[in-house]
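What follows is a set of notes on a single structure, which appears directly below.
Please treat every number below as a calculation from the coordinates, not as lab data. What you are looking at is a predicted structure, and each value in this text was computed from that prediction instead of being measured. As a convention, Cβ positions derive from the backbone with ideal geometry for all residues, glycine included, and neighbour counts pool all protein chains shown.
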Amino acid sequence: MRPRLAAIVLTLASFCFAADKRVLVYTRNYTPDGKGYVHDNIATSVEAIRKMGAENNFDTDHSEDPKVFNDANLKKYAAIVFASSNNEAFENDAQREAFQRYIRGGGGFVGIHSASGSERKWPWYWAMLGGTFLRHPKMQPFLVRVIDSNHPSTRALPASFEWTDECYYHKELNPGLKILLVTDPAKLDDPKWAEAPGATVQGMIPLAWYHNFEGGRSYFIALGHKKEHYSNPLLYGQILGGIQWAMGVKQ
């Protein structure tokens, strides 16, 4: 093999190896007035994903700096995880466009909990994630039902389980979503449901989903408000399966 060709092959091989082995966990929450709600689960969720990586052979970077969204940097990652990010994820359109190119180039995305509250003015982001946050009733226990147990995030789950959380309602649901988890709105304590209902699928509130989008892969789970959720195997296993699917890991 000619030296120049060998160098090119080695460079491409190195790039593929790095991309298959690294994820970016992004947790920015910014509003101009400084009043955006910041979840206290962020450090715990980052620690949990680092643990997943150590156990499953991928590296994890964490950032709250939107400057990481440039083409050269994003090439390092097989998946980008928005872990309880909220409000404005980016500083400018150049960063948004770099993120779009990443997804359209085959990149993977994972959204956790309030990631659906990021970029509330950007319809492309809603479509990519699958919807945008509307509201939630008070923290309470509710029954979660698994309607698709074939996805890597749900294979180890029981058919249903009780979970105490903020039950997120969304709007602008992408019609191409493949729903994984649901709950029954009729069973929730929510006096405002009649006046401000969330979007439903066959009468159920979707809580987790995935889809292929513009060449990339997107997975979202609305659960995960409490810090202790991230050591619970029910959530931990779902996030891990979602990350592995987003990375394109064959399972």
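Brief remarks on what is shown
- Alpha carbon centroid spacing (whole Å) that separates the stretch 54-100 from the stretch 130-180: 24
- Whole-number percent relative contact order across the stretch 182-251, with pairs defined as alpha carbons under 8 Å at least 6 apart: 22
- Scaled against the 2.2 N^0.38 Å expected of a compact globular protein of N residues, the Cα radius of gyration of the stretch 16-155 reads 1.08.
- Shape call, the stretch 19-100: gyration tensor on alpha carbons, a/c limit 1.5: oblate
- Each peptide in 77-87, 37-47 was scored by the mean count of other Cβ atoms within 10 Å over its residues; highest first, the order is 77-87, 37-47.
- Equivalent ellipsoid dimensions for the stretch 103-209 as semi-axes, Å, which come from the Cα gyration tensor, largest first: 22, 19, 11
- Helical mean residue ellipticity (222 nm; -39500 (n - 2.57) per DSSP H run of 4+; nearest 500) of the chain: -8500 deg cm²/dmol
- Angle in degrees between helix 42-56 and the longest Cα principal axis of the chain, rounded to the nearest 10: 50
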